[in-house]
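The values are calculated or read from the model by the stated rules, or taken from the named source; none is laboratory data. Remember, predicted model here, so these are calculated numbers, not experimental data. Quick reminder, even Gly has a Cβ in these numbers, built from the backbone with ideal geometry, and neighbours come from all protein chains shown. What goes into the accessible areas is simple: the full protein's heavy atoms, side chains included, and nothing from ligands, DNA or RNA. Shrake-Rupley method; radii C 1.70, N 1.55, O 1.52, S 1.80 Å.
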Amino acid sequence: MIISRTPFRISFAGGGSDLKEYYSKYGGAVLSVTIDKYVYLSMHPYFNDQKIFLKYSHNELVDKVEEIEHRIIRQVFTNLNISGVDFNSSADIPSGTGLGSSSAFTSGLINLSHTYLGKFISREAIAKAACDVEIGQLGEPIGKQDQYACAIGGLNFIEFKQDEQVVVNKIHINVSKQKELEGNLLMFYLGNTRSASAILSEQRQNIITDEKKNNNLHKMVKLAFDLQKDLQTNNIDTFGEILHTGWLYKKEMASQISNPQIDYYYETARAAGAEGGKLLGAGGGGFLLFYVQKEKQAAVRTALAELSELPFRFDFSGSTIVFADQR
């Protein structure tokens with residue numbers, strides 16, 4: 001029995017610049033952190049080694065890998081020649097909520113499968129392989145930030161070079177400032193999930209055809225660099241303002257990123273004392289994140305009382321094998 005645990009991520013700045021249409025021309029950069037909410041995957045030999053039993057949001061019992069309906073599982077099992085297994089998936093948070101769940105799943109599955117085969121794989125190699133599966137082999141219209149964030153874990157400034165190189169820069173911040181930053185972040189669930197594909201497909205097209213939206217992404221990347229510089233000097237005073245400015249730019253990147261409901265909750269939180277915030281993920285639903293000083297948090301929670309708050313802490317472990325019994 002092998003069990004992997006892979007964290008979800010929160011992206012603070014630069015999102016969208018990890019799309020190939022942008023970084024291949026200009027280079028991109030994002031700043032993100034992983035949190036203590038996870039996808040757990042387990043695998044052990046199935047009693048009938050001629051079949052594959054999969055349990056995720058659906059159950060599948062198949063004879064051959066090519067019969068698997070779940071595209072990511074089918075691709076990873078094909079790549080690594082996995083068969084005759086009983087596979088299980090569970091997660092702390094639903095998919096489609098803007099926390100990088102798909103890439104966390106893919107990264108965790110690659111880690112799990114290599115360990116099942118008795119092979120070591122580094123976290124950087126997990127991230128690279130996850131990008132290859134999701135973007136290269138399955139053709140998903142997504143970027144590279146989630147795979148690297150979830151696989152490697154922690155508070156990172158991630159650069160996407162024009163030559164396809166990805167550079168992960170760990171941000172080292174004073175422990176007390178890190179705790180203060182962590183404590184000033186509030187996250188609320190909007191109560192709906194969405195598919196990122198349509199929004200990201202529109203955003204990719206806009207990057208190709210719309211100069212104004214390209215200029216917005218230039219500004220969003222600069223915000224990521226600015227935030228990196230501030231955090232590395234233990235300055236969190238600009239955090240809320242940078243989140244707010246980035247959200248205003250992001251809203252203009254595609255038509256479905258925001259909607260009247262999202263705008264209402266965002267402005268309500270700002271009026272109650274949030275310095276800034278953003279919708280996590282591609283857009284359209286999921287979680288709203290806010291930066292709020294301690295003395296204003298009660299007012300913000302009251303203003304957003306109809307939403308569910310999700311308490312969280314930062315995670316620094318990345319994709320990890322938490323149990324391995326290979327007897």
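Please find, within the range 47-60, the residue that is least open to solvent (accessible area, probe 1.4 Å) out of those that are over 22 Å from Thr320 (Cβ atoms), in a loop (DSSP other than H, G, I, E, B) and not polar (S, T, N, Q).
Lys51
Considering every residue within the range 63-86, establish whether at least one is in a strand (DSSP E or B) and over 21 Å from Ile321 (Cβ atoms).
Taking the range 63-86 and keeping what is in a strand (DSSP E or B), we get 85-86.
Adding the requirement that they be over 21 Å from Ile321 (Cβ atoms) leaves none.
No; the residues of the range 63-86 include none that is in a strand (DSSP E or B) and over 21 Å from Ile321 (Cβ atoms).
Just the residues that are hydroxyl-bearing (Ser, Thr, Tyr) and within 30 Å of Glu309 (Cβ to Cβ), please, taken from the range 38-92. Spell out how you get there, then give the answer.
Let us first name the residues in the range 38-92 that are hydroxyl-bearing (Ser, Thr, Tyr), namely 38, 40, 42, 46, 56-57, 78, 83, 89-90.
Across the range 38-92, the qualifying residues are Tyr38, Tyr40, Ser42, Tyr56, Ser57, Ser89, Ser90.
So which residues in the range 151-191 are assigned to a loop (DSSP other than H, G, I, E, B), open to solvent by 40 Å² or more (accessible area, probe 1.4 Å) and within 20 Å of Pro311 (Cβ to Cβ)?
We begin by selecting, within the range 151-191, every residue assigned to a loop (DSSP other than H, G, I, E, B); these are 153-154, 161-165, 171-174, 184, 190-191.
If we keep only those that are open to solvent by 40 Å² or more (accessible area, probe 1.4 Å) as well, we get 161-165, 172, 174, 191.
Listed by number, the list holds a single entry, Gly191.
Of all residues in the range 61-83 being acidic (Asp, Glu) and open to solvent by 100 Å² or more (accessible area, probe 1.4 Å), which is nearest to Phe105 (Cα to Cα)?
Checked the range 61-83; the qualifying residue nearest to Phe105 (Cα to Cα) is Glu69.
Report whether or not Asn88 is farther than 30 Å from Leu231 by Cβ, open to solvent by 10 Å² or more (accessible area, probe 1.4 Å) and without any contact (Cβ under 8 Å) to a residue 40 or more places away in the chain. Please lay out each step first, then the result.
Details: farther than 30 Å from Leu231 by Cβ: yes; open to solvent by 10 Å² or more (accessible area, probe 1.4 Å): yes; without any contact (Cβ under 8 Å) to a residue 40 or more places away in the chain: no.
In short, no.
Mind checking which residues of the range 35-46 are more than 29 Å from Gly240 (Cβ to Cβ), assigned to a strand (DSSP E or B) and either open to solvent by 10 Å² or more (accessible area, probe 1.4 Å) or in contact with a Lys or Arg (Cβ under 7 Å, 6 or more places away or on another chain) (or both)? Before the answer, list the steps.
Of all residues in the range 35-46, those more than 29 Å from Gly240 (Cβ to Cβ) come to 39-46.
Restricting the remaining residues to those that are assigned to a strand (DSSP E or B) gives 39-45.
Correct list: Tyr40, Ser42, His44, Pro45.
Based on this model, can you work out whether Ser32 counts as modelled with pLDDT under 95, not in a helix (DSSP H, G or I) and not acidic (Asp, Glu)?
On the way: modelled with pLDDT under 95: no; not in a helix (DSSP H, G or I): yes; not acidic (Asp, Glu): yes.
When the stated conditions are applied, Ser32 does not pass them.
Starting from residues that are assigned to a helix (DSSP H, G or I) and of a type in the set (A, V, I, L, M), keep the ones in the range 258-312 and report whichever is surrounded by the most Cβ atoms within 10 Å (Cβ to Cβ). It would help to see each step written out before you state the result.
Going through the range 258-312, the residues assigned to a helix (DSSP H, G or I) turn out to be 260-272, 294-303.
Now narrow it down to the ones that are of a type in the set (A, V, I, L, M): 262, 269, 271-272, 298-300, 303.
Values: Ile262: 18, Ala269: 26, Ala271: 11, Ala272: 18, Ala298: 12, Ala299: 15, Val300: 23, Ala303: 17.
Here the answer is Ala269.
Among Lys219, Lys170, Lys179, which is the only one that is closer than 19 Å to Leu289 by Cβ, modelled with pLDDT of 95 or more and basic (Lys, Arg)?
Selected residue: Lys179, the only one of Lys219, Lys170, Lys179 that is closer than 19 Å to Leu289 by Cβ, modelled with pLDDT of 95 or more and basic (Lys, Arg).
Considering each residue of the range 102-132, count those that are more than 19 Å from Val168 (Cβ to Cβ) and part of a helix (DSSP H, G or I), and give that number.
Number of matching residues: 8.
Considering only residues that are open to solvent by less than 30 Å² (accessible area, probe 1.4 Å) and out of contact with any helix residue (DSSP H, G or I) (no Cβ under 6 Å at 6 or more places or on another chain), look in the range 124-150 and name the one that is farthest from Ser32 (Cα to Cα).
Step by step, filter the range 124-150, then rank; the result is Gly143.
Take the residues of the range 219-237 that are in contact with a helix residue (DSSP H, G or I) (Cβ under 6 Å, 6 or more places away or on another chain) and open to solvent by 40 Å² or more (accessible area, probe 1.4 Å): which is farthest from Gly154 (Cα to Cα)? Show your work before the answer.
Step one: filter the range 219-237 for residues in contact with a helix residue (DSSP H, G or I) (Cβ under 6 Å, 6 or more places away or on another chain), giving 219-220, 223, 227, 234, 236.
Next cut, open to solvent by 40 Å² or more (accessible area, probe 1.4 Å) only: 219, 234.
On the way: Lys219: 24, Asn234: 16 Å.
So, considering only residues that are in contact with a helix residue (DSSP H, G or I) (Cβ under 6 Å, 6 or more places away or on another chain) and open to solvent by 40 Å² or more (accessible area, probe 1.4 Å), the one farthest from Gly154 (Cα to Cα) is Lys219.
Is the range 114-122 home to any residue that is touching a residue at least 40 places away in the same chain (Cβ under 8 Å), basic (Lys, Arg), over 20 Å from Gly28 (Cβ atoms) and open to solvent by 30 Å² or more (accessible area, probe 1.4 Å)?
We begin by selecting, within the range 114-122, every residue touching a residue at least 40 places away in the same chain (Cβ under 8 Å); these are 115-116, 118.
With basic (Lys, Arg) added as a condition, the list becomes none.
No - not one qualifying residue is present in the range 114-122.
Sort through Glu241, Glu202 and tell me the only one that's at pLDDT 95 or above, in a helix (DSSP H, G or I) and either more than 25 Å from Asn156 (Cβ to Cβ) or over 20 Å from the mean Cα position of the chain (by Cα) (or both). It would help to see each step written out before you state the result.
Working: Glu202 fails: at pLDDT 95 or above.
Checking each option against the conditions leaves just Glu241.
Can you find a residue that is buried (at least 24 other Cβ atoms within 10 Å of the Cβ) and over 27 Å from Asp226 (Cβ atoms) anywhere in the range 6-19?
yes
Just checking, does the range 316-326 include any residue being open to solvent by 50 Å² or more (accessible area, probe 1.4 Å) and without any contact (Cβ under 8 Å) to a residue 40 or more places away in the chain? Steps first, please.
The initial filter retains those residues of the range 316-326 that are open to solvent by 50 Å² or more (accessible area, probe 1.4 Å), namely 316, 321-324, 326.
Still in the list and also without any contact (Cβ under 8 Å) to a residue 40 or more places away in the chain: none.
No, that holds for no residue.
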